[in-house]
Amino acid sequence: MIERTSAQESSNSITTNDINKQEETNETTSMFFSLLKRMNPGLCLCGETMGDTDTFTKDEFYRTEARLESEITRILMEINEEKENDYPKQNSGHGAKTCTISACEELHELSERRPNRVPLVCSCKWDIIPPLANCLHSNIAYSSSEEDGQHEQITRLICLTLINLSIPHENKNVMVHGPHANLLLGSITGVINVMVPEATYLCCIILMNLCLLQDTAGPILMYSSLFQCSPSCNMDLPAADMVWDTSPTAQPVAPYHPTLPRQRRSSSKCRCLDDPNSLIRSLERLIRSKQPFLMSKVFSVEGEGIRWAIGLLRYLTLTSDHCSIISKTEIPALVLGILERTPHQTIKWTNESTEDMTLKVLENLAAYPSSREKLKELGALVVLGSIQTGLGGDLVRSKISSILHLLENE
């Protein structure tokens with residue numbers, strides 16, 4: 001009995017040792033595959049954490065790029081074919097949609113997977129920005145009316161896709177400084193200019209994502225249809241004076257052309273203020289016309305449009321030059337009026353609320369001399385002082401105290 005027990009214990013011990021060795025081998029193999037994945041050049045372009053690659057199997061991982069190429073090629077062909085077939089039919093009925101909803105849905109699903117986002121934008125094998133920008137522009141007129149729900153759905157899907165694509169840092173430079181930047185910014189500005197209800201705040205989120213990269217805020221703020229920005233030389237290209245055309249057959253601003261004469265950026269700051277259809281003027285008009293929706297405590301897409309427009313302004317007011325441009329518009333007075341007439345108590349000014357983001361914009365404007373003087377002229381000291389003496393949370397009081405300190409100490 002003793003010998004059997006010893007043999008049994010010895011057998012159990014061997015089995016346990018084998019299991020431990022097998023686990024160590026599996027762990028080493030797993031680490032080896034993880035290392036190989038990290039060394040894959042395709043993953044280096046993803047700009048995302050390795051946790052996202054766990055959704056792929058080992059065999060599927062190395063076929064992803066080829067599969068993505070075949071799917072994107074088919075989707076873009078469908079979008080372009082639909083667009084070519086639909087233009088002759090624009091005058092009949094409500095018009096034909098510029099691309100199928102199914103193609104937009106497939107493209108949105110691809111952009112939902114984070115490892116796909118950088119290859120979709122940065123790959124040299126296809127151009128995804130022009131079809132999306134043209135499709136967005138062509139649907140503006142239909143989306144602004146309530147008669148055609150299909151075009152509104154297409155516009156929404158394109159905006160959601162662009163939100164996903166604007167998240168990686170690698171994509172921000174391509175989308176704002178690339179050869180199709182004017183095409184994209186023109187289409188997005190057109191949506192904000194026409195104030196398509198849901199698409200407006202989605203477009204503000206797209207621009208806000210792009211502004212998270214320091215070098216992209218300037219071109220976005222100073223975008224105007226009166227000039228085109230050269231991505232390589234940081235110059236401006238003069239274009240013919242134009243009024244934004246929202247008809248379905250209209251074409252967005254043409255992309256950068258290297259053979260056109262160039263003009264230095266010094267004049268662009270004035271042009272974005274002189275152009276009624278520039279981005280900064282479109283944001284100004286949006287906040288002014290939709291402000292009554294903020295007087296209600298009921299949620300509305302119009303109120304969300306103002307909220308995210310102010311959220312975008314947080315990142316457009318980080319330098320002295322940008323604040324100087326904005327101080328020449330009605331925006332400082334409009335954002336100050338939001339705090340003065342808001343129906344929400346200060347205790348409800350939570351993080352990322354309209355009032356919280358407005359305080360951040362005012363703090364940025366108060367940090368620089370030109371915009372600081374503008375706030376003083378508008379009575380910011382009186383408005384903020386009355387809010388500070390009322391009931392509210394300590395966090396709101398501290399933010400207002402910081403703004404008042406900037407305004408009082410030149």
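The values are calculated or read from the model by the stated rules, or taken from the named source; none is laboratory data. Here the structure is a predicted model, which means the values were calculated and not measured. Note that each Cβ is placed from the backbone with ideal geometry, even for glycine, and that neighbours are counted across all protein chains shown. We work out accessible area using only protein heavy atoms, side chains counted, and drop any ligands, DNA or RNA first. Shrake-Rupley method; radii C 1.70, N 1.55, O 1.52, S 1.80 Å.
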Query raised in the report: Which entries in the list Lys172/Lys290; Lys376/Lys399; Lys297/Lys360 go over 20 Å, if you measure between the two C-alpha atoms of each?
Result: Lys172/Lys290; Lys297/Lys360
Query raised in the report: What base-10 log of the normalised intensity I(q)/I(0) is obtained for segment 157-201 from the Debye formula, alpha carbons as equal point scatterers, at q = 0.20, 0.26, 0.29, 0.34 Å⁻¹?
Result: -0.68, -1.01, -1.11, -1.17
Report task. Please work out how much accessible surface Arg113 shows to a 1.4 Å probe, ignoring ligands, DNA and RNA, in Å² rounded to 10. Result -> 90
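Which percent of the Cα-Cα distances in segment 286-346 go past 14 Å?
58
Sorted by average packing, counted as other Cβ atoms within 10 angstrom per residue and highest first, what order do 162-169, 334-341, 120-127 take?
On the way: 162-169: 20.9, 334-341: 19.1, 120-127: 15.2.
So the order, starting with the most tightly packed, is 162-169, 334-341, 120-127.
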Query raised in the report: With every protein chain kept in the model, how would you rank Asp321, Asp274 by accessible area, 1.4 Å probe, largest at the top?
Result: Asp274, Asp321
Query - Area of Phe299 that stays accessible when all protein chains are in place (1.4 Å probe, Å², to 10) - result: 150
Query - Length added when fully stretched, Glu352-Glu109, from 0.36 nm per residue minus Cα-Cα - result: 84.8 nm
